[in-house]
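Accompanying notes for the structure given below.
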């Protein structure tokens, strides 16, 4: 019961932090749907660790809100805060530098951080397939290729999650008639 309470505490905190944010695209989807989806995908792939699932729910709060790692640590513990910090980009850097650093740092992430990275990228790619987002086709393809570059440094920890990622990746590239190179 304590684990369930802890998980819903993370969900509630993430929902409050992302309350006014929306996902990209014309559907105006509440942003909280994304971290919920990332956590749920991890559950679907057999992950049950509450700290991992809580960190998945919180994975964007430092990056996209006023929440801090210290606040997360005080509410959810040092381990959850550490995982969230690992997957948080430094928003002071350019987009290009942040993307480059995600690829460079990926091999050195903890197991939970790698799992969140894969689930996050898979969910983002799925959204690019599923919803009308105003990005040109070339930008969508570039996102898929970058996500794959992060994935190759994180894979191998959960075969079900790896398969899910690759299925979404292939579906997107097939949709845009791009030859798949693995």
_When the residues of region 1-45 are narrowed to those that are assigned to a loop (DSSP other than H, G, I, E, B) and under 18 Å from residue 62 (Cα atoms), which ends up modelled with the lowest pLDDT?_
23
*Filter region 1-44 down to the residues that are more than 17 Å from residue 115 (Cα to Cα) and under 14 Å from the mean Cα position of the chain (by Cα), then identify the one that is surrounded by the most Cβ atoms within 10 Å (Cβ to Cβ).*
14
*asked:* Any residue in region 1-27 that is free of Cβ contacts under 8 Å to residues at least 60 places away in the same chain and at negative phi sitting within a Cβ distance under 7 Å of a residue that is surrounded by 13 or more Cβ atoms within 10 Å (Cβ to Cβ) and in a strand (DSSP E or B)? List the pairs, counting only those 6 or more apart or interchain.
replied: 22/30
*What number of residues in region 129-143 are part of a helix (DSSP H, G or I), within 21 Å of residue 96 (Cα to Cα) and in contact (Cβ under 8 Å) with a residue 12 or more places away in the chain?*
4
*With 48, 88 as the choices, which residue is out of contact with any helix residue (DSSP H, G or I) (no Cβ under 6 Å at 6 or more places or on another chain), without any contact (Cβ under 8 Å) to a residue 40 or more places away in the chain, in a loop (DSSP other than H, G, I, E, B) and under 29 Å from residue 163 (Cβ atoms)?*
48
*Report, ordered by the first and then the second residue, all pairs with beta carbons closer than 8 Å, sequence separation of six or more or different chains, a first member in region 146-158 that is modelled with pLDDT of 95 or more, and a second member that is part of a loop (DSSP other than H, G, I, E, B) and surrounded by fewer than 17 Cβ atoms within 10 Å (Cβ to Cβ).*
158/46
*In region 92-128, what count of residues is obtained for those that are more than 25 Å from residue 47 (Cα to Cα) and either at pLDDT below 95 or in a helix (DSSP H, G or I) (or both)?*
8
_Residue check, residue 162 assigned to a helix (DSSP H, G or I), within 15 Å of the chain's Cα centre (by Cα) and in contact (Cβ under 8 Å) with a residue 60 or more places away in the chain_ = no
*Quick check: is even one residue across region 31-39 touching a strand residue (DSSP E or B) at 6+ places or on another chain (Cβ under 7 Å) and closer than 29 Å to residue 139 by Cβ?*
yes
*Report whether or not residue 136 is over 20 Å from residue 31 (Cβ atoms) and either under 15 Å from the mean Cα position of the chain (by Cα) or modelled with pLDDT under 95 (or both).*
yes
*Test residue 99 against the stated conditions and say whether it is over 28 Å from residue 7 (Cβ atoms), within 14 Å of the chain's Cα centre (by Cα) and either loosely packed, with under 13 Cβ neighbours inside 10 Å or touching a residue at least 12 places away in the same chain (Cβ under 8 Å) (or both).*
yes
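The values are calculated or read from the model by the stated rules, or taken from the named source; none is laboratory data. No experiment lies behind these values; they were computed from the predicted model shown. Neighbour counts run over all protein chains shown; Cβ positions are idealised from the backbone, glycine included.
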